[in-house]
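Shown next, in structure tokens, is the structure this report addresses.
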């Protein structure tokens, strides 16, 4: 029988870490984007929600694992035209809860560390950090990307022609200083 997840409820603000891992707790829900302060600073508006599923368990090496998945649609600034652009985010992640940096270094590459020695965990903090990590480095509209390609094809923008490169090499970078030195002082 497939498990039905309820995204109609907000995620719990805090989870008792000991119970969550011991009972292999699984939770699903949403968070308003406006409640995620660090992420909000990267957005043009904070309308909407993020939906998330978090599963807590111990793995075969007795590490405390948080496996999750999240989805959100956010509005960010297009880096080409500076107008808002809507992007969809989705991420699956695997975290190991560790209490020291040394423990984090010993994790396999398939797991990211979540540094905490607290008895409670904040699902919102986990979801917010994972959302920030899955944000694209540069966001643009599709038509803006097409405009960049068109500029390059039509005008050669960003492409240096071989005769221009030879001229740059042949010119003396100190020639400007020589002209200034030979100029009469007008003071």
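The values are calculated or read from the model by the stated rules, or taken from the named source; none is laboratory data. Remember, predicted model here, so these are calculated numbers, not experimental data. When we count neighbours, we look across all protein chains shown, and the Cβ atoms used for this are built from the backbone with ideal geometry, even at glycine.
When the criteria are applied in full, residue 104 meets the requirement of being closer than 30 Å to residue 30 by Cα, at pLDDT 80 or above and touching a strand residue (DSSP E or B) at 6+ places or on another chain (Cβ under 7 Å). Give the residues of segment 20-57 that are assigned to a helix (DSSP H, G or I) and farther than 16 Å from residue 67 by Cα, sorted by residue number. 33, 34, 35, 37, 38, 39, 40 - these are the residues of segment 20-57 that are assigned to a helix (DSSP H, G or I) and farther than 16 Å from residue 67 by Cα. Considering (1) closer than 25 Å to residue 89 by Cα; (2) surrounded by fewer than 16 Cβ atoms within 10 Å (Cβ to Cβ); (3) modelled with pLDDT of 90 or more, the lone condition that residue 30 does not fulfil carries the number (2). Name the pairs whose Cβ atoms lie under 6 Å apart, with the first residue in segment 1-27 and on the phi > 0 side of the Ramachandran plot, the second modelled with pLDDT of 90 or more, and 6 or more positions between them or separate chains? Pairs found: 24/57. Hey, does segment 43-57 have a residue that's in contact with a helix residue (DSSP H, G or I) (Cβ under 9 Å, 6 or more places away or on another chain), under 25 Å from residue 104 (Cβ atoms), without any contact (Cβ under 8 Å) to a residue 40 or more places away in the chain and in the same structural domain as residue 128 (by TED's automatic domain parsing)? Checked segment 43-57: at least one residue is in contact with a helix residue (DSSP H, G or I) (Cβ under 9 Å, 6 or more places away or on another chain), under 25 Å from residue 104 (Cβ atoms), without any contact (Cβ under 8 Å) to a residue 40 or more places away in the chain and in the same structural domain as residue 128 (by TED's automatic domain parsing).
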